[in-house]
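Have a look at the structure below, then the notes.
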Amino acid sequence: MARIAFIGLGNMGGPMAANLVKAQHQVAAYDLSQTAVAAAVEKGASAASGIAEAVKGAEVVITMLPAGKHVRDVYEGTVIGAAARGTLFIDCSTIDVETSRSVAAAAANAGMDMLDAPVSGGTGGAAAGTLTFMVGGPDAAFARARPLLEKMGKNIVHCGGSGNGQAAKICNNMILGVSMIAVSEAFMLARRLGLDAQRLFDVASTSSGQCWALTSYCPVPGPVPASPANRDYQAGFTAAMMLKDLMLAQEAARAANATTPLGAEAAQLYSLFVNAGRGPQDFSGIIRMLDGQ
Ligand code: NAD
């Protein structure tokens, strides 16, 4: 049993913390939202009145926060100063690579190991404990974190040094954003050419056009009954989240001097979609915008 401070108990952090409690860990929960803390307490966590109180006596600190600025504020503002030397920090938020590396360096300077461990699998995966963790940071810290991550996820991949978990996450989601647009364009073109969606699916899902956006998350209703297209594009993975990750990928590409024209175009298209007020919809709903709807 480990003593864990869990900070950020939103849609993802709440169920992740609950899975740690279920695995008999002692979890001190803190969030700016009292409602989120109360929900964690109901699952068996103890409420902390602030970050410093949550971190006191903790062997591990886990954060699940919206963006890089929150992660920097929480660690550099309080956690690094309040934690005992040797405490392991695991940031599961999806944030920019640069902030991730810079906060990990500040933690290392204070004698603490820090891992970036963003996830994929959404709120369903967080509740079921089947998330994929993409982890960056030192080998010894990864070995220490692994048993805890296994209580929250199914696939745990060590991607290399600090920031590499974030790098893996944004590269993966750049593939997803671009491929969803490509699949959507193909279905739209097929319809205009008089080709039935199911027939295109039957061909492409067993041919070289095969990809996850097609076979698991098909953007038209019918071929994949569980895809959000069958429930009026209720998310799932929101377009706003997809835009966030595509913007992070573009920021990283600029910093690394990498040319990613399709990633840039996908970011532009999702930006138009979100600015039209469709951010809360599932990201596969972009087919409607591409179709002129
Ligand atoms: P959320 O907005 O539901 O939760 C974030 C929580 O952090 C909120 O409860 C908020 O009150 C809290 N918070 C913000 N600043 C804080 C502070 N200074 N101190 C304490 N608590 C603070 O967001 P979410 O959906 O849980 O996502 C969290 C992270 O996970 C994001 O980085 C997101 O990109 C990533 N992510 C989300 C999903 C998803 O499907 N929701 C999937 C994969 C990754």
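Points to keep in mind about this one:
- FRET efficiency for residue 146 and residue 108, using Cβ-Cβ distance with R0 set to 25 Å, rounded to 0.05: 0.80
- Among 112, 16, 174, residue whose mean-square fluctuation peaks in a GNM of the chain (springs only between Cα atoms under 10 Å): 112
- Here the Kirkwood formula puts the hydrodynamic radius of region 47-130 at 13.2 Å, using every distinct Cα pair.
- Among the listed pairs 22/154; 22/169; 43/244; 69/154; 169/244, those with a Cα-Cα distance over 22 Å are 22/169; 43/244; 69/154.
- Among the DSSP helices (H) of the chain, those spanning at least 27 angstrom by Cα along their long axis with an average Kyte-Doolittle hydropathy of -0.5 or more are 164-192; this is a geometric and hydropathy rule only.
- Intensity falloff of the chain expressed as log10 I(q)/I(0), Debye formula with alpha-carbon point scatterers, at q = 0.14 Å⁻¹: -1.00
- With R₀ set to 30 Å, the beta-carbon distance separating residue 157 from residue 191 gives a calculated FRET efficiency near 0.20.
- Considering only 250, 34, 281, the mean-square fluctuation computed in a Gaussian network model of the chain, springs between alpha carbons under 10 angstrom, is largest for 34.
- Each pair of Cα atoms in region 190-237 enters the Kirkwood radius, and Stokes-Einstein at 20 °C and 1.002 mPa s then converts it into a translational diffusion coefficient of 194 µm²/s.
- Cα-derived Rg over Rh, computed across region 180-293 with Rh taken as Kirkwood radius: 0.99
- Note on the chain: dipole from Cβ charges, positive end direction compared against 279, 6, 193; the farthest Cα belongs to 6.
- Contact order relative to length of the chain, as percent, for alpha carbon pairs under 8 angstrom and 6 or more apart: 13 percent
- The distance from the alpha carbon centre of region 257-279 to that of region 159-184 is 14 Å, rounded to a whole number.
- Separation between Cα centres of region 18-70 and region 213-252, rounded to whole Å: 29 Å
Any read-out appearing in this document is the output of simple, stated calculations on the displayed coordinates, not a laboratory observation. Predicted model only: the values in this text are computed from it and were never measured. Ideal geometry is used to build each Cβ from the backbone, glycine not excepted, and the neighbour counts take in all protein chains shown.
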